[in-house]
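Each remark here refers to the structure printed beneath this line.
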Amino acid sequence: MTDFIELSKNRILVIGGYLQDIEITGSGHDASVTSRPGGSAYNVAMCLSYLGIDVLFLSCFSHGKGVGYAFDSLPVQSDCQRGIFLYRGTEVLAVQRSSRPTVSGALRRLLEGEKFALAYATLEIGVESLSLLDGIDSRYRILDPSPGIELKNLSSLEKFDYILANDHTPVAACESKLIIKAGAKGAIHRGVVYSPPLPGTDKLGSGDLFGAVFSYKLLLGQNAEEALKWAVLESSRYCLFRGSLSDYLFQMKKR
């Protein structure tokens, strides 16, 4: 945890979910259960950190849970709790949703007037957390509008430069802003399909890697089309990879 914000030229603010991911493989007495930190926003923060970006992560977790992260973290509300995500392969078996916190005045005051190179948000802890963006200065603002169940509570998309939506989530947004993530099949922007060199099999976390790489390339000065091509390439490589997202990031870092 951190109680202060250090200035950084390329610091990124990530707002959204931190969940306990529980993966089940096999069945019956031959089944195995793997538990690891997860959530879309957490994955984005982790990916960006692996890429060498300075990240501040705002989410729901008990005090002290952020210790050991490779990035700074703050709870949106002191007593809010993370969620639980239970899955097998790409099948979601059950979700215990994170708290929908009320944004604390102390956190709002702490962030007010801060400058970030980019702000990245999901809807995993509700839409009220997005109000934190109103008090900060950021070069880019990106929204991953998931889970789709929260979209009905979102009043406007105007404050965002890009909307990275899953292909199964209907979003009414300006065509120039909207990027459709189609998993192993690539992405769509302005009616153009960006296909990967080798399509693999959809994997949970590939969309989070896509969002992180897209953001990273924007910070390096690439335009949206160039950043999108890199995001498609990396997320498709992960879809062909047999290990976890953290395993893939470790391999990617060694390139």
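Data table
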quantity: Filter result for residue 95 (within 19 Å of residue 127 (Cα to Cα) and at pLDDT 90 or above); calculated: no
quantity: Hits in the stretch 236-255 (condition: in contact (Cβ under 8 Å) with a residue 40 or more places away in the chain, open to solvent by less than 30 Å² (accessible area, probe 1.4 Å) and either under 22 Å from residue 11 (Cα atoms) or in contact with a Ser or Thr (Cβ under 6 Å, 6 or more places away or on another chain) (or both)); calculated: 239, 249, 252
quantity: Restricting the stretch 98-114 to residues that are of a type in the set (Lys, Arg) and part of a helix (DSSP H, G or I), the residue that is surrounded by the most Cβ atoms within 10 Å (Cβ to Cβ); calculated: 108
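This table checks each residue for (1) of a type outside the set (Val, Ile, Thr); (2) at pLDDT below 95; (3) closer than 20 Å to residue 219 by Cα.
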residue: 104; (1), (2), (3): yes, yes, no
residue: 114; (1), (2), (3): yes, yes, yes
residue: 121; (1), (2), (3): yes, no, yes
residue: 142; (1), (2), (3): no, no, yes
residue: 145; (1), (2), (3): yes, yes, no
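The values are calculated or read from the model by the stated rules, or taken from the named source; none is laboratory data. Source: prediction; values computed, not measured. Here the Cβ is made from the backbone with ideal geometry for all residues, glycine too, and neighbour counts use every protein chain on show. Calculation scope for accessible area: heavy atoms of the full protein, side chains included, ligands and nucleic acids excluded. Shrake-Rupley method; radii C 1.70, N 1.55, O 1.52, S 1.80 Å.
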